[in-house]
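Undergrad: I am attaching a structure below and will ask some questions about it afterwards.
The values are calculated or read from the model by the stated rules, or taken from the named source; none is laboratory data. All of these numbers come straight from a predicted model, not from anything done at the bench. Cβ sites come from the backbone with ideal geometry, for glycine too, and all protein chains shown count toward neighbours.
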2 protein chains.
Amino acid sequence: MNILITGGAGFIGSHVADRLLAQGHFVVCADNLSLGKIANIAHHKNNPRFRFIKLDAADLKQLRAVFKRYRFGCVFHLAANSDIQAGAKYLDVDFKNTLLTTFTTLRCMKEFGVKQLVFASSSAVYGELDKPLKEETGPLFPISYYGAAKLASEGFISAFCENCGIKAWIIRFPNVVGERTTHGVILDFINRLKKNPKELLILGDGSQKKPYLYVQDLVEAILFVWKKAQGKVNCLNAGVSSASRVSTIARIVVEEMGLKKVKFKYTGGDRGWVGDVPRFSYSLSKIHSLGWKASRTSDEAVRLAARACIAGGDCSRVGG
Amino acid sequence: MNILITGGAGFIGSHVADRLLAQGHFVVCADNLSLGKIANIAHHKNNPRFRFIKLDAADLKQLRAVFKRYRFGCVFHLAANSDIQAGAKYLDVDFKNTLLTTFTTLRCMKEFGVKQLVFASSSAVYGELDKPLKEETGPLFPISYYGAAKLASEGFISAFCENCGIKAWIIRFPNVVGERTTHGVILDFINRLKKNPKELLILGDGSQKKPYLYVQDLVEAILFVWKKAQGKVNCLNAGVSSASRVSTIARIVVEEMGLKKVKFKYTGGDRGWVGDVPRFSYSLSKIHSLGWKASRTSDEAVRLAARACIAGGDCSRVGG
């Protein structure tokens, strides 16, 4: 099948490309390279079933040209601003890079009759709720612009499914870690420790506890759900049952860097930043009963990610 | 208080203006006059506490100028494409007129420190759910682009509330009828009967049953909720407990027009059009326990609306 991956040179998108190519599909990666990197997909350069196109998926004209050229059977829409904190600074980043890219993708799908969409949604759509987060849980009042843009995307996807006969797989991601990550707490810690190996500044009081899913597990979940769930709008939480405390993440990073006697300094408060959700109870019963479970625990995922990032050495360009 | 009403020359917006002016506020109505009409607000022309400004609320530059000029204490954001069927035809109508106007309004509120937002949301955010529609009900998978744009707006409002200290009143409207309405089943029937008083075409099988709220009741609900609910994001369904069958609406319109022996012809099927929700069970327990109830039944609202529209005579420009 011909498949378009928007955000295909990004952290998760490039892993999806790896797996879809391994399955024998023809894969077009579209990416504006704002967070994505050529290095993430460079190993497919000579694969005749692979194309890379630099474009802004929010630009209807550019995207339309790609849809016109290839007859896609499915779109994996992963293009988004994945940096929640950046979105809080520049108001239109999430609107344009996360929501408008979705709308433009849907318009092209309608125009060119593409009937399958796999969408990277997020646990951030739930906002800060004091109950187990099941797929049917409401109300949905996200507290970050990122979460708002993902919720807005879900809404338009649902309407396009109803009106244009599209089938969608909306997968709500938790925090995802692993090779090629571009930001997040693990990278922040590594960068801070590179600057000062004696002391580590930790946002909040260290008690924030979240599930971290290993990127390879996530990609497995995505492809599993795409194959298995056969409704019109299939919405599933993907994640891992365990969770990692921020202070544990700090300890793992210190260990993997081979450092000793690092002093942890906490900024205090129950959250890292405005819009941060300190902890949540993410229900995985739907995806588990469909037959998928993460193979690494959250702490294992953090360790694998820290190790990959330290080995890769490509953590310098992201600030802490 | 200085209050901005976006969509202030529209069906509901102009009624909100009437009431806010009666309460002694200084009211600025902004409207692009695509659905709104000068006639709806002409009676305030000589009121020194009233201003009308023709502008497109999706245009940041235009809207910013209005925020700069007046020190608003509150914004009633009612600008939207209220014509669900038109939205299905022209894909960017709901995105621009309903969602982008919300985002632009929120940006201006942040920039100029306006801390109160009353938002016209819709029962359409619920999509087609087979359970009682409470404010906390999920999942939210709207089936119309209109519902998608309203849900998307809610998401961004919620994020701005968290990040900018804004307080919001999100009121989910059902079908609203009354003086100055621009479209909908009552107008459609009147227009069809004007063309052919012998026969009336009814979309669907006539069994679709929905609650119709009288516009004066809705405006009362909006102002009541704005005053009473004091959370950060206050989300409430507004509506009426009773409902009207499409065939009953047809009968009321025929009666109010003084016609006899009209033959009803049904197109068949359980809904009027793709994206139409044939019936739903809308929970009003939250707004009822806050202390507000509609004073007219759904059938009474339909009759009042039909009468006003027939008397007003301004029903010709909207097709059936």
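Undergrad: Just to be sure before I move on: is B:LEU91 at pLDDT 95 or above and surrounded by fewer than 24 Cβ atoms within 10 Å (Cβ to Cβ) in the structure I sent?
TA: So B:LEU91 fails the test.
Undergrad: Now for a separate question. Can you report the number of residues in the range B:157-181 which are more than 23 Å from B:LEU290 (Cβ to Cβ) and assigned to a loop (DSSP other than H, G, I, E, B)?
TA: The total comes to 4.
Undergrad: Given A:ARG51, A:ARG71, A:ARG64, which one is among the charged types (D, E, K, R) and either closer than 25 Å to A:VAL177 by Cα or assigned to a strand (DSSP E or B) (or both)?
TA: A:ARG51
Undergrad: Sticking with this one: Which pairs turn up if I take residues in the range B:117-138 that are more than 16 Å from B:LYS210 (Cα to Cα) and look for partners that are among the aliphatic types (A, V, I, L, M) and not in a helix (DSSP H, G or I) with beta carbon separation below 6 Å, at least 6 apart in sequence or on another chain?
TA: So the pair list comes out as B:LEU117/B:VAL75; B:LEU117/B:ILE166; B:LEU117/B:ALA168; B:PHE119/B:ILE170; B:ALA120/B:LEU78; B:SER121/B:ILE170.
Undergrad: Could you tell me whether the range B:15-30 includes any residue that is within 21 Å of B:LEU106 (Cα to Cα), loosely packed, with under 15 Cβ neighbours inside 10 Å and not charged (D, E, K, R)?
TA: Checked against the condition, which is being within 21 Å of B:LEU106 (Cα to Cα), loosely packed, with under 15 Cβ neighbours inside 10 Å and not charged (D, E, K, R), the range B:15-30 yields no hits at all.
Undergrad: Right, next: Given the range A:203-303, what strands (runs of 3 or more DSSP E) lie entirely inside it while holding 2 or more residues that are under 17 Å from A:ASN175 (Cβ atoms)? Show your work before the answer.
TA: Working: elements: A:212-214, A:233-237, A:263-266.
So the answer is A:212-214, A:233-237.
Undergrad: Taking the range A:84-130 as the search range and keeping residues that are among the charged types (D, E, K, R) and either part of a helix (DSSP H, G or I) or at the interface with chain B (Cβ under 9 Å from one of its Cβ atoms) (or both), which one is nearest to B:ARG107 (Cα to Cα)?
TA: Among those residues, the one meeting the criterion is A:ASP92.
The rows are residues; the columns are (1) modelled with pLDDT of 95 or more; (2) in contact with a Cys (Cβ under 9 Å, 6 or more places away or on another chain); (3) of a type in the set (D, E, K, R).
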| site | (1), (2), (3) |
| --- | --- |
| B:GLN216 | yes, no, no |
| B:LEU223 | yes, no, no |
| B:ARG271 | no, no, yes |
| B:SER281 | no, no, no |
| B:SER285 | yes, no, no |
| B:THR297 | yes, no, no |
| B:ILE310 | no, no, no |
| B:CYS315 | no, yes, no |
| B:VAL318 | no, no, no |
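Undergrad: Let me ask another. What are the residues in the range B:227-249 that are out of contact with any Lys or Arg (no Cβ under 6 Å at 6 or more places or on another chain), over 30 Å from B:THR267 (Cα atoms) and crowded, with 17+ Cβ neighbours inside 10 Å, if any?
TA: B:ALA229, B:VAL233, B:ASN234, B:CYS235, B:ALA238, listed by residue number.
Undergrad: To continue, here is another question. Give me the residue from the range B:41-53 that is touching a residue at least 12 places away in the same chain (Cβ under 8 Å) and charged (D, E, K, R) and, out of that set, farthest from B:THR104 (Cα to Cα).
TA: Only one residue fits best here, namely B:ARG49.
Undergrad: Which numbered condition in (1) away from chain A (no Cβ under 14 Å); (2) under 21 Å from the mean Cα position of the chain (by Cα) is the only one that B:PHE67 fails?
TA: (2)
Table: residues versus (1) in contact (Cβ under 8 Å) with a residue 40 or more places away in the chain; (2) under 19 Å from B:SER153 (Cα atoms); (3) acidic (Asp, Glu); (4) surrounded by 14 or more Cβ atoms within 10 Å (Cβ to Cβ).
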residue: B:ALA39; (1), (2), (3), (4): yes, no, no, no
residue: B:LEU55; (1), (2), (3), (4): no, no, no, yes
residue: B:GLN62; (1), (2), (3), (4): no, no, no, yes
residue: B:TYR70; (1), (2), (3), (4): yes, no, no, yes
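Undergrad: Something else about it: Can you name the residue in the range A:135-155 that is within 19 Å of the chain's Cα centre (by Cα) and more than 15 Å from B:PHE160 (Cα to Cα) and is also nearest to the other protein chains (Cβ to nearest Cβ) among such residues?
TA: A:GLY155
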